[in-house]
1. Which of the residues spanning the range 87-113 are in contact (Cβ under 8 Å) with a residue 12 or more places away in the chain, open to solvent by 40 Å² or more (accessible area, probe 1.4 Å) and of a type in the set (S, T, N, Q)?
2. Could you list all residues from the range 146-161 that are open to solvent by 50 Å² or more (accessible area, probe 1.4 Å) and not in a loop (DSSP other than H, G, I, E, B)?
3. Would you please name the residue that is modelled with the lowest pLDDT, looking only at residues in the range 162-218 that are among the aromatic types (Phe, Trp, Tyr) and open to solvent by 60 Å² or more (accessible area, probe 1.4 Å)?
4. Between Ile172, Ile139, which is closer than 19 Å to Ile208 by Cβ and either touching a Phe, Trp or Tyr at 6+ places or on another chain (Cβ under 6 Å) or touching a residue at least 60 places away in the same chain (Cβ under 8 Å) (or both)?
5. Go through the range 67-85 and report how many residues are open to solvent by 50 Å² or more (accessible area, probe 1.4 Å) and touching a residue at least 24 places away in the same chain (Cβ under 8 Å).
6. Would you be able to say whether some residue in the range 221-238 is assigned to a loop (DSSP other than H, G, I, E, B), out of contact with any Leu (no Cβ under 6 Å at 6 or more places or on another chain), aromatic (Phe, Trp, Tyr) and surrounded by 17 or more Cβ atoms within 10 Å (Cβ to Cβ)?
7. Identify, please: which residue in the range 239-256 is part of a helix (DSSP H, G or I) and in contact (Cβ under 8 Å) with a residue 24 or more places away in the chain and is, among those, nearest to Ala50 (Cα to Cα)?
Amino acid sequence: VYVEAFIPVAKHVEVQVIGDGKENYVHLGERDCSVQRKNQKLIEEAPCAALSEERREKICNDAVKVAKASNYRSAGTIEFLVDKHRNFYFMEMNTRIQVEHPVTEMVTGVDLVKLQLKVAMGEALPFKQEDISINGHAIEFRINAENPYKNFMPSPGKITQYLAPGGFGVRIESACYTNYTIPPYYDSMVAKLIVHEPTREESIMTGIRALSEYLVLGIDTTIPFHLRLLNNHIFRSGEFNTKFLEKYNIMDDNNQ
């Protein structure tokens, strides 16, 4: 008989770890991935605004213990559920680079993909835990070919015009361009937009600016959803959980 804790309301918080199999294991902070739709992440940010420094240190150190206990050699993510009392519970480990790794790269200055390849080649980590510091706040927006006004209905097709935003604090990861066709067979992601600023509030403002400048014509995208979310008072407070979008229809003008 397996008995598990039932956690009706929780945040999804994950910790980025990397180990070289040579007794060197470190974490690179945590990410808040609680904004989800049907268990699919839509926005990720680092660090988690709802964690105290004490809780942050505890959850990150416990993640390192998991990596060390398994003699892990690679980049990976230890995933937790965090309840309203800030107690956290191990959920799973993803033994790979994740879509949201850029937010960790932005706040740590560490190239995780490059580092993962070096570790795979047998090299030792070039730093210790005390060398890692978290600087500022980063948010990643998954821009998908979906129509948020029609219950996120898929919107494959040809992009007739594509112009990505730029400027300080803005990073784009995308393979799209004008006349590129989004196929209906695979993941609907068009791009990842990452913003990085000294504070969470400044990151939100830069996100609003960058999303407003993002031009993708010919298909529908989730850009309008992201803009509404950034202006939502509950999201701004940081006190949201994985049930947030089930409870509040962000596309409804009454839920701002």
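1. Correct list: Thr95 only.
2. As a first pass, look at the range 146-161 and keep what is open to solvent by 50 Å² or more (accessible area, probe 1.4 Å): 149-151, 153-154, 156, 158, 160-161.
The answer is Tyr149, Lys150, Met153, Pro154, Lys158, Gln161.
3. As a first pass, look at the range 162-218 and keep what is among the aromatic types (Phe, Trp, Tyr): 162, 168, 177, 180, 185-186, 214.
Retained after the next criterion (residues that are open to solvent by 60 Å² or more (accessible area, probe 1.4 Å)): 168, 177, 180, 185-186.
Numbers: Phe168: 95, Tyr177: 97, Tyr180: 96, Tyr185: 91, Tyr186: 87.
Across the range 162-218, the extreme among qualifying residues is Tyr186.
4. Details: Ile172 fails: either touching a Phe, Trp or Tyr at 6+ places or on another chain (Cβ under 6 Å) or touching a residue at least 60 places away in the same chain (Cβ under 8 Å) (or both).
Result of the check over Ile172, Ile139: Ile139.
5. We begin by selecting, within the range 67-85, every residue open to solvent by 50 Å² or more (accessible area, probe 1.4 Å); these are 68-71, 73, 84-85.
Add one more test, that the residue is touching a residue at least 24 places away in the same chain (Cβ under 8 Å), and what stays is 68, 71, 73, 84.
Counting residues in the range 67-85 that are open to solvent by 50 Å² or more (accessible area, probe 1.4 Å) and touching a residue at least 24 places away in the same chain (Cβ under 8 Å) gives 4.
6. Step one: filter the range 221-238 for residues assigned to a loop (DSSP other than H, G, I, E, B), giving 221-222, 231-232, 238.
Right, trim to out of contact with any Leu (no Cβ under 6 Å at 6 or more places or on another chain) and you get 221-222, 231-232, 238.
Retained after the next criterion (residues that are aromatic (Phe, Trp, Tyr)): none.
No, that holds for no residue.
7. Step one: of the range 239-256, the residues part of a helix (DSSP H, G or I) are 244-247, 253-255.
From the residues that got through so far, the ones that are in contact (Cβ under 8 Å) with a residue 24 or more places away in the chain too are 244-245.
Values: Phe244: 15, Leu245: 18 Å.
Result: Phe244.
The values are calculated or read from the model by the stated rules, or taken from the named source; none is laboratory data. Quick caveat, the model's predicted, so the values are computed rather than measured. As a convention, Cβ positions derive from the backbone with ideal geometry for all residues, glycine included, and neighbour counts pool all protein chains shown. These area figures cover heavy atoms from the full protein model, side chains too; ligands, DNA and RNA do not enter into them. Shrake-Rupley method; radii C 1.70, N 1.55, O 1.52, S 1.80 Å.
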